[in-house]
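Encoded as structure tokens, the structure appears first; notes follow it.
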Amino acid sequence: MAKRITIIGTGYVGLVAAVGLSDFGNYVTAVDRREEIVESLSQRKPTIYEHGLEEYLVRNVEAGRLFFTTKVEQAVRDAEVVILAVGTPIDSTGHTDLSQVKEAALSVRENLDAYKVIVTKSTVPIGTNRWIEKTLLETKPADLFSVVSNPEFLREGRAIQDFFHPDRIVIGCEGERARKIMEEVYRPLYLIQTPFVWCNLETAELIKYASNAFLSTKITYINQIANLCEAVGADIHVIARSMGMDGRISPKFLHPGPGYGGSCLPKDTRELVNTGERYGVEMSLVRTVEEANERQKSRVVDKLKALVELKGKKVAVLGLAYKSETDDVRDSPAIAVVSRLLSEGAEVHAHDPKAMDRFREVFPSIHYHDSEFAAARDADLLLILTEWNEYRNIDLQKVRSTMRGDLLFDVRNVLEAESARTLGFRYFGTGR
Ligand code: UDX
């Protein structure tokens with residue numbers, strides 16, 4: 001039977017869950033305190049760029065299954081299931097800021113008038129769901145609620161596809177009543193035999209951190225092997241492909257580049273290290289991964305500096321998002337690279353198909369261009385930092401003819417090295 005679900009928070013996780021769960025037939029109300037967000041979503045206009053999102057937003061709002069509001073009290077009272085999908089950023093001291101989760105948990109407690117399942121989708125430090133449970137118990141009886149941990153594994157840019165075809169659904173849930181309700185919430189996925197992992201709250205919380213830290217480690221590993229390739233004259237593409245043929249390794253997440261970024265991997269590795277410290281358990285591997293990832297970002301400009309004096313040079317930077325198919329620039333390697341370029345005295349001319357507005361909030365005064373060719377005009381050197389398809393298919397001859405210099409840094413290896421060299425570029429990739 002369809003459930004009445006309230007989701008607190010309309011960021012990537014909250015909004016994708018809102019359109020996805022309403023598409024499953026549930027009645028979903030998503031809450032955000034910002035009027036302009038609620039207004040825009042109610043008008044069926046997405047507030048983030050995410051492939052396929054708009055279609056699902058329009059369809060479910062029009063079907064009368066999806067609503068947006070700023071009024072958290074009423075929305076909680078009306079729901080059988082309340083999902084917390086608020087932000088859990090890292091604060092300036094390097095710790096997870098749980099203030100939004102705490103605030104949401106308290107407003108749930110205030111409006112807990114009948115049995116509800118309280119589901120945490122935000123990525124939260126180990127023990128947070130137990131804290132929510134304890135906090136609710138301070139003023140409400142145990143039979144009025146169940147706390148469930150349901151971490152989200154969706155990738156930006158493929159979030160809709162990931163929501164409807166997940167590799168697994170992880171549910172930390174410790175009672176039969178809540179379990180039955182969660183099965184109903186995800187009924188269509190249950191029917192197509194998506195693997196469901198049922199476990200306790202701490203296990204569910206840690207699955208998320210363990211997965212993201214593992215992916216970060218895999219990327220860092222291939223980045224270091226790529227750096228070694230440059231030193232010894234080996235080709236990282238052949239190596240990664242061959243490694244990936246081993247079923248135990250798998251070919252995914254073996255693409256070298258400027259280091260991982262985004263809203264999840266950097267913050268989740270940080271929190272896992274913090275958790276190890278809190279419990280006195282060594283997390284030295286993950287800590288090393290973090291440090292190596294920072295050096296990988298710096299390495300881009302270090303390599304450039306070894307070839308040219310950057311002061312006064314005009315540098316074209318193509319790609320500002322932390323990966324393709326998103327407008328997100330949170331912890332993007334481009335931030336580290338651009339800030340180093342500026343401190344070395346270079347003039348930066350940037351282009352990105354989607355992320356320029358967001359990047360402008362971080363760097364208001366570099367030069368932004370509508371096309372890659374405009375950014376490259378008269379440039380002394382060109383840097384590709386994000387693997388957008390339009391850069392893979394770029395007309396290199398045209399770029400070459402507009403540039404002043406001949407240096408091309410293809411940090412994501414999106415181009416054919418040989419064709420670039422034939423056109424007269426001094427071409428450098430990563431690990432080849
Ligand atoms: C990640 C996790 O994959 C997802 O499960 C979790 O829910 C959120 O964090 P996302 O941040 O959307 O998803 O991006 P992802 O595709 O995992 O890439 C993360 C970063 O790693 C990007 O900066 C990307 O460019 C980089 N990356 C990824 C590499 O450098 N090489 C690779 O082989 C893969």
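The values are calculated or read from the model by the stated rules, or taken from the named source; none is laboratory data. Only a predicted model underlies this, so the values are computations on that prediction, with no experimental measurement involved. Note: ideal-geometry Cβ built from the backbone for every residue, glycine included; neighbour counts use all protein chains shown. Surface areas here come from the heavy atoms of the whole protein model, side chains and all, with no ligands, DNA or RNA. Shrake-Rupley method; radii C 1.70, N 1.55, O 1.52, S 1.80 Å.
A Cβ distance below 6 Å, combined with a sequence gap of six or more or placement on separate chains, defines the contacts here; from segment 286-308, residues that are in a helix (DSSP H, G or I) and modelled with pLDDT of 95 or more reach residues that are small (Gly, Ala, Ser) and open to solvent by less than 50 Å² (accessible area, probe 1.4 Å) in the pairs 286/213; 289/216; 293/259; 296/259; 297/259; 297/336.
Can you tell me which of (1) within 9 Å of the ligand (Cβ to nearest atom); (2) open to solvent by 40 Å² or more (accessible area, probe 1.4 Å) is the one residue 208 doesn't meet? Going through the list (1) within 9 Å of the ligand (Cβ to nearest atom); (2) open to solvent by 40 Å² or more (accessible area, probe 1.4 Å), residue 208 breaks only (2). Before we move on, is residue 289 within 16 Å of the ligand (Cβ to nearest atom), within 19 Å of residue 383 (Cα to Cα) and buried (at least 19 other Cβ atoms within 10 Å of the Cβ)? It is false that residue 289 is within 16 Å of the ligand (Cβ to nearest atom), within 19 Å of residue 383 (Cα to Cα) and buried (at least 19 other Cβ atoms within 10 Å of the Cβ).
One line per residue, one yes/no per condition, for (1) over 21 Å from residue 22 (Cα atoms); (2) outside any helix (DSSP H, G or I):
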| residue | (1), (2) |
| --- | --- |
| 82 | no, yes |
| 132 | yes, no |
| 135 | yes, no |
| 139 | yes, yes |
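Per the listing 59, 33, the residue uniquely free of Cβ contacts under 8 Å to residues at least 60 places away in the same chain, basic (Lys, Arg) and assigned to a helix (DSSP H, G or I) is 59.
Test residue 334 against the criterion of being among the aliphatic types (A, V, I, L, M), outside any helix (DSSP H, G or I) and crowded, with 24+ Cβ neighbours inside 10 Å, and give yes or no. In short, no.
Looking only at segment 247-276, residues that are outside any helix (DSSP H, G or I), closer than 29 Å to residue 203 by Cβ and either open to solvent by 50 Å² or more (accessible area, probe 1.4 Å) or within 7 Å of the ligand (Cβ to nearest atom) (or both) come to 12 in all.
Each row is one residue, and each column tells you yes or no for (1) farther than 19 Å from residue 187 by Cα; (2) open to solvent by 40 Å² or more (accessible area, probe 1.4 Å).
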position: 6; (1), (2): no, no
position: 16; (1), (2): no, no
position: 22; (1), (2): no, no
position: 33; (1), (2): yes, yes
position: 40; (1), (2): yes, no
position: 55; (1), (2): yes, yes
position: 60; (1), (2): no, no
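Put simply, of 167, 162, 143 the only residue that is within 16 Å of the ligand (Cβ to nearest atom), open to solvent by 40 Å² or more (accessible area, probe 1.4 Å) and modelled with pLDDT of 95 or more is 167. Selection within segment 141-197: residues that are outside any helix (DSSP H, G or I) and touching a Gly at 6+ places or on another chain (Cβ under 6 Å). The member of this set that is farthest from residue 117 (Cα to Cα) is 149. When you scan segment 146-159, how many residues do you find that are in contact (Cβ under 8 Å) with a residue 12 or more places away in the chain, open to solvent by 20 Å² or more (accessible area, probe 1.4 Å) and not small (Gly, Ala, Ser)? Count: 4.
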